[in-house]
Amino acid sequence: MGRERALARPFLDTHEKVVDALAHVEEARRLLQEQVSLPFGGLLDVRDALGRAEKRAVLEPRELLAIAQILFAFEQTRDAFEDREETFPRLTSLSRRLPLLETLARKVDRCFEPDGTISDRASPALKEARDRTRGLHRHIKSRLDGMLHDEKFTLHLRESYYSLRNGRYVVPVLSQARNDVPGIVHNASQSGQTLFVEPEDLVGMGNDLAIAQAMVDEEERRVLQELTEAVGRESGRILEGVEALADLDEAEAAAVLAADLDAHVPDVSQDATVELRLLRHPRLVLKGSEVVPNDVRLSNESRALVISGPNAGGKTVTMTAVGLCALMLRAGLPIPAASGSRLPLYSAVQSAVGDAQDLEQGLSTFSAHVVQLKNIAVGAGQGSLALIDEIAADTDPREGAAIAIALLEDLLDKGSTVLVTTHLEELKALAHMDPRFINGRVGFDSKRMAPTYKLQLGASGSSSAIDVAARMGLSEHIIGRARELSLGAGGPLAQALAAAEEERRRLFEEREKVERAAREAEERAEKLAREQEAFDRKRKEAQVKFFEDVKSATQGAMEEVQRLLTSLRAQSSEKVAAQARAELQTRVEDIQKRTAALRAELAVGQLAQAPVTVRPGAWVHHVGLGRDVEVVALGEKDALVAAGPLKMRVPLEELGHSLRAKPQQKFPSADKQAAALARAEEAKPSEMRLPNLQVDVRGMRAEEAIRELESSLDRAMRVGEEGALVIHGHGTGALKQAVRDYLTHSPYVRMYRPGESHEGGDGVTLISLRS
């Protein structure tokens, strides 16, 4: 039934029906992609059997088994769509039309053996009757075996064996020994020399066997009648389920076809716009041929495509591919074109393709072609599609061209879309005079002397008839003479058209180059944008990781400092203080090493993600130094870089993008006096700006001074002070030296220095705290 539906698939007449049919196919295609196979294999058409069951005719075992398989398929199909309604709503809706008759299916299946014979399980009476017949068979065979071992009895036999004739056990008796073996003759050989006799001693048991077999046959008939009646009562529901299975089978077949064609669902145009991307002829695809895809475009303004070019170049293939796609869309099938294609829902598709001559009706090739053109003109209307191969070709070219132009104008006036193939120059010229026409040509490779099968829109093509004839094996002297004759052929119109087409071809090729370059540039820009985005993302991720690691290390260090400070406060021993100082120094060095390693890792990652173009004068980042440097000179594998006054050679792989802009170079002033004044101005003492925190330890012993200083710095770090001023005086210098020794190893101190003359001189020490 699915095959019948596929062969009789109708052309749908509304946009809504087409969209719904395409949606069914797409759902079935997704089902195939999920490798869900519906259980349709091996199912038979049971419609006739269901009709007879409804009329109470007894069905054969094979028919009942076929119906049982259909019922099991109902159950398996419904299970396949269980919990898939959101993904496959339309197919799930079809599956719900399948009746749940599992009990009936199992009842029928239980009554038969795998070979189709009725099973003893079908009924107790059947098993009892069969047991009796089997017992009688064994008893009769045992008696016969005994007779065949009696030498006196076997003297009267042709051979020592027994067989069945009409359900009775017989032995082959010689015709002349008929009176020596009493019994009933059931058959004889063709020569009459052998008689098949049921021995008299076995006649009674044979009668009993016949009665028992009759009881078996009657019980088997009753079982079949009972099963048939059960099927007949559900025949309406089963038939409805079979219809639903056929719909699903048809949808799956359409999905398989779409997959084989690599087909896509087009957008249905509401106007005459046609845009078929990478169109392929479906029959060539199904044959497994290598198909050259083509783009076909038409618009509301240009609804007639005139295809020209060499014979056997693919003109008719392209045109009929468009027609088949139009019919496939009307049938609710995806088309062999790329995604994003657009196609109208044509009200009619008419064609004149091939030689329609009919000698019986007195129609020549041209007259038969004209009849086809007449039928197309009569049936043309708004929203119809006309396909005409080699229009008006088999007559005088001038008159044929006139007929062709008049017909095409009439079709366009009626609102039709038209595709024609031609070699007529007058038709190729229409695109230059009437905006409703557009030219297209199939290519020909003059180097290979073979068509390219590639459609080029906006240009007309030459027939290349002589080249095609040469390729098909026409003799060389004929080809040479033809080329001589063709040099002066064609009038002014043909020459003008040839010149215009040559200019158009040149411009088209230039435009293609520009468009190709633009596409490549756009692709490169998109690629660079994607790479830049990925680089920025990874750089940010690396920075976040770096700062998180630094934060973690800092927090650990602060906790360690707090632990050591607590220990120091509890034990004021000099030995403990020295030990704590050493631990802090080790901790600080460890953090510095980890920070430097993390910075190097971050920089190396950035270098790998965004390699830099190194050239003299470039401002780059050096991983090892952790700072930006300037490239002075470039070697094969290394570069000479300058970091302030320091110059060194470093490997190129250690250089990456600078994270900051290159600082502007300051050139010396030409006015030396102004420069000297500027330097003097810079050298004069600046206004005295001292830190807010001042720690005065004058008069204290060294240990007291250190405790006071440590406590003050601890408070300063908590409140966020940037620096501090320690006043220790000059004295003997011991207190000053103790303070500065402490500051050298303090984790709070970033750097310190003696005071300037305007800040207190060497009697004070200025501290810069870590942030």
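The values are calculated or read from the model by the stated rules, or taken from the named source; none is laboratory data. Here the structure is a predicted model, which means the values were calculated and not measured. No Cβ is skipped: glycine too gets one built from the backbone with ideal geometry, and neighbour counts run over all protein chains shown. Areas reflect the complete protein model, heavy atoms only, side chains present, ligands, DNA and RNA absent. Shrake-Rupley method; radii C 1.70, N 1.55, O 1.52, S 1.80 Å.
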Report summary line: Extension length gain for Met751 and Asp434 (0.36 nm per residue less Cα distance), in nm, is 105.4 nm
Query raised in the report: By a straight-distance test (C-alpha under 13 Å), which aspartates and glutamates pair with Lys545 as possible cross-link partners, with residues fewer than eight away in the same chain excluded?
Result: Glu601
Query raised in the report: Among rounded, prolate and oblate, which fits segment 58-185 when a ≥ b ≥ c are the square roots of the eigenvalues of its C-alpha gyration tensor, a/c under 1.5 means rounded, and a/b larger than b/c means prolate?
Result: prolate
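Give me the number: length gained by fully extending Gln76 to Asp20, i.e. 0.36 nm times residue separation minus the C-alpha to C-alpha distance, one decimal in nm. Each step should come with its number before you reach the end.
Details: separation 56, 0.36 × 56 = 20.16 nm, distance 2.52 nm.
Full extension of this stretch gives 17.6 nm more.
Using the Cα centre as the reference, give the magnitude of the dipole from point charges on the C-beta atoms of segment 93-206 (Lys, Arg: +1; Asp, Glu: -1; all else neutral), rounded to the nearest 20 debye. Walk me through the intermediate numbers first.
Numbers: 18 positive and 15 negative charges, 149 e Å.
Its charge dipole is roughly 720 debye.
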Report task. Calculate, for segment 308-420, the solvent-accessible area per residue in square angstrom, rolling a 1.4 angstrom probe over the heavy atoms of the protein chains. Result -> 39 Å²
Query raised in the report: Roughly how many nanometres apart are two label points built 7 Å out from the Cα toward the Cβ at Arg770 and Arg698?
Result: 3.2 nm
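Suppose every Lys and Arg Cβ carries +1 and every Asp and Glu Cβ carries -1, with no other charges. What dipole size does segment 1-78 come out with about its Cα centre, to the nearest 20 debye?
Values: 12 positive and 13 negative charges, 47 e Å.
That gives segment 1-78 a dipole magnitude of about 220 debye.
Pairs Lys540/Lys662; Lys527/Lys662; Lys513/Lys538: which are spaced more than 32 Å apart, C-alpha to C-alpha? Let's see the in-between values first.
Working: Lys540/Lys662 22 Å; Lys527/Lys662 28 Å; Lys513/Lys538 37 Å.
Correct reply: Lys513/Lys538.
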Query - Calculated FRET efficiency for the pair Arg56/Ala177, C-beta based, R₀ 51 Å, to 0.05 - result: 0.45
Query - Residues of type aspartates and glutamates that Lys374 reaches as a straight line, Cα spacing below 18 Å, ignoring anything fewer than 8 places off in the same chain - result: Asp355, Asp358, Asp389, Glu390, Asp394, Glu399, Glu409, Asp410, Asp413
Query raised in the report: Can you give the extra length, in nm with one decimal, that the chain gains between Thr744 and Ile184 once fully stretched, where that is 0.36 nm per residue apart less the Cα-Cα distance?
Result: 188.1 nm
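What does the C-alpha gyration tensor say about the overall shape of segment 1-137? Classify as rounded when a/c is under 1.5, otherwise prolate if a/b is larger than b/c, or oblate.
prolate
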Query raised in the report: By per-residue mean of other Cβ atoms within 10 Å, what is the highest-first order of 168-178, 117-127?
Result: 168-178, 117-127
Report summary line: Restricting to aspartates and glutamates and to Cα separations under 16 Å from Lys107, and discarding same-chain partners fewer than 8 apart, the set is Glu60, Glu63, Glu75, Asp120, Glu220, Glu226, Glu229, Glu234
Requested in this report: Mind giving me the nanometre distance, one decimal, between the label points for Ser37 and Glu399, set 7 Å out from Cα along Cα→Cβ?
Outcome: 6.4 nm
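Using the Cα centre as the reference, give the magnitude of the dipole from point charges on the C-beta atoms of segment 196-255 (Lys, Arg: +1; Asp, Glu: -1; all else neutral), rounded to the nearest 20 debye.
On the way: 4 positive and 17 negative charges, 36 e Å.
Taking the Cα centre of segment 196-255 as origin, the dipole is about 180 debye.
With a Förster radius of 25 Å, plug the Cβ-Cβ distance of Ser119 and Ala214 into 1/(1 + (r/R0)^6) and report the FRET value to the nearest 0.05.
On the way: r = 20 Å, r/R0 = 0.79.
That gives a FRET efficiency of 0.80.
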Report summary line: Using alpha-carbon positions, the gyration tensor of segment 375-456 gives root eigenvalues a ≥ b ≥ c; with a/c under 1.5 called rounded, otherwise prolate if a/b exceeds b/c, else oblate, the class is prolate
Query raised in the report: Given a Förster distance of 35 angstrom, what is the FRET efficiency for Thr365 paired with Ala6, based on the Cβ-Cβ distance and rounded to 0.05?
Result: 0.50
